[in-house]
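This is the structure I want to talk about, given as structure tokens.
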């Protein structure tokens with residue numbers, strides 16, 4: 001049975017207290033949906049860029065943003081990595097909004113299948129590895145870590161998942177998420193996509209801490225600032241079997257929680273700027289639409305035409321923008337089309 005070795009150091013305890021305070025402060029803020037949607041979009045862009053960059057993807061953030069906006073049909077592998085990760089992140093966010101997601105083998109396999117879709121043979125997609133692998137230093141290409149043997153991958157993953165689910169009400173979710181993150185990296189259960197899958201699955205565990213701003217921050221961003229330090233902290237050097245009895249999670253947990261603090265502070269600092277940005281600011285005509293719906297329950301184009309002198313094409317664009325922001329929903333078809341406030 002998996003029993004991680006760690007101690008709750010003074011630094012770790014202080015980090016946990018600070019994170020809880022930052023989370024409370026962020027959750028106490030009340031921002032319009034349009035502001036939160038802009039924050040969510042930005043967080044997805046940063047997470048996608050950072051997590052793929054950690055694994056060696058060369059695309060800069062500006063290019064990642066363009067790809068996520070245009071979603072080209074024909075792409076290179078580097079672009080596909082970006083689109084895959086963003087889609088997996090978006091699906092996971094939506095699932096977490098609907099219900100409580102529990103870490104499971106099926107969930108982890110599904111995440112890996114998404115992030116690696118079209119980049120590996122089918123035999124290595126959504127399945128635990130069936131071949132031995134080694135972890136190389138990205139700078140030199142030399143092997144630095146030998147993960148567990150094939151025969152031990154499945155039972156070790158089952159042990160880790162059982163540990164997480166058994167301890168979810170007994171261990172602080174920050175510690176639990178950190179332990180899961182490092183141990184899964186050490187198991188290295190897949191032929192590829194281990195890091196990306198681990199970071200996405202870790203997000204599920206972080207969501208347990210009542211972090212209403214969960215989908216608004218990107219803890220991957222902290223790791224990408226110093227990839228070498230991240231690899232040194234989350235990984236080990238040598239043969240797993242020679243190291244396993246002496247692996248201590250304590251220093252990693254300090255680093256892991258420091259990264260969350262760093263990112264929460266970034267989000268906190270960005271909130272005032274986001275709140276007044278052109279992308280998130282509603283104009284008078286948008287407010288008229290929302291006000292009419294709140295008063296009457298719905299609005300049709302003929303109703304909107306009486307509230308403004310804007311041309312029909314412009315009115316359609318106004319309504320579409322509010323739908324893109326998920327503030328309203330379209331009902332009916334053709335001449336019977338009308339709009340109501342979104343339930344999301």
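We did not get these values from a lab; they are worked out from the coordinates using the rules stated. Treat the numbers as computed from the prediction; the structure is a model and nothing was measured. Ideal geometry is used to build each Cβ from the backbone, glycine not excepted, and the neighbour counts take in all protein chains shown.
Starting from 0.36 nm per residue, how many nanometres of slack lie between residue 271 and residue 102 once their C-alpha separation is accounted for? Please list the in-between numbers first.
On the way: separation 169, 0.36 × 169 = 60.84 nm, distance 3.00 nm.
Extending this stretch completely gives an extra 57.8 nm.
Roughly how many Å is it from the Cα centre of the range 230-267 to that of the range 302-334, as a whole number?
When both Cα centres are located, 50 Å separates them.
Could you state the angle between the C-alpha long axis of helix 105-116 and the longest principal axis of the C-alpha atoms of the chain, as a value from 0 to 90 degrees rounded to the nearest 10?
On a 0 to 90 degree scale, this one is about 70.
Decide, for the range 216-344, between rounded, prolate and oblate: order the square roots of the alpha carbon gyration tensor eigenvalues as a ≥ b ≥ c, take rounded if a/c falls under 1.5, and otherwise choose prolate if a/b is larger than b/c, else oblate.
Details: a/c = 4.43, a/b = 3.16, b/c = 1.40.
It is prolate, given that a/c is not under 1.5 and a/b is the larger ratio.
Using a basic spin-label model with each label point 7 Å from the Cα along Cα→Cβ, how many nm lie between residue 307 and residue 95?
3.8 nm
I need to check one value: relative contact order of the chain, counting alpha carbon pairs closer than 8 Å and at least 6 residues apart, in percent.
Working: 392 pairs, mean separation 79.8, N = 344.
Computed value for the chain: 23 percent relative contact order.
Go ahead and estimate [θ] at 222 nm for the chain from helices alone: -39,500 (n - 2.57) per DSSP H run with n ≥ 4, summed, over the residue count, rounded to 500.
Roughly -19500 deg cm²/dmol at 222 nm, from the helical runs in the chain.
If we count other beta carbons within 10 Å of each Cβ, what is the order of 249, 219, fewest first?
Ordered by Cβ neighbours within 10 Å, fewest first: 249, 219.
Pairs of alpha-carbon atoms within less than 8 angstrom and 6+ residues apart define the contacts here; what relative contact order does the range 144-274 have, in percent? Write down the numbers at each step before the final one.
Details: 98 pairs, mean separation 44.4, N = 131.
Reported relative contact order: 34 percent.
So for the pair residue 11, residue 284, with labels modelled 7 Å out along Cα→Cβ, what separation do we get in nm?
In this crude spin-label approximation the distance works out to 5.6 nm.
Another one. With everything on Cα atoms, drop me the angle between helix 173-187 and the longest principal axis of the chain, reported from 0 to 90° to the nearest 10.
With rounding to tens, the tilt is 60 degrees.
Moving on to the next point. Return 157, 1 ranked ascending by Cβ neighbour count within 10 Å, so the fewest neighbours appear first.
So the residues, fewest neighbours to most, are 1, 157.
Just check the range 86-219 against the gyration tensor rule for me: Cα atoms, a ≥ b ≥ c as the square roots of the eigenvalues, rounded for a/c under 1.5, and otherwise prolate or oblate depending on whether a/b exceeds b/c.
It is prolate, given that a/c is not under 1.5 and a/b is the larger ratio.
By count of other Cβ within 10 Å, fewest leading, how are 338, 241, 49, 85 ordered? List each step's numbers first, then the result.
Working: 338 17, 241 12, 49 27, 85 31.
Lowest count first: 241, 338, 49, 85.
By how many nm would the segment from residue 134 to residue 232 lengthen if fully extended, with 0.36 nm per residue of separation less the alpha-carbon distance? Provide the component values of the computation, followed by the final result.
On the way: separation 98, 0.36 × 98 = 35.28 nm, distance 1.55 nm.
So the extension gain works out to 33.7 nm.
Can I ask one more? What ranking, highest mean first, results for peptides 186-196, 312-322 when packing means the other Cβ atoms within 10 Å averaged over each residue?
Answer by packing, highest mean first, reads 186-196, 312-322.
If R0 is 25 Å, what FRET efficiency do you get for residue 80 and residue 320 from their C-beta distance, rounded to 0.05? Present the calculation step by step, with values, prior to reporting the outcome.
Numbers: r = 28 Å, r/R0 = 1.14.
That gives a FRET efficiency of 0.30.
Roughly how tilted is helix 150-167, in degrees to the nearest 10 and between 0 and 90, from the longest Cα axis of the chain?
Rounded to the nearest ten degrees, it is 60.
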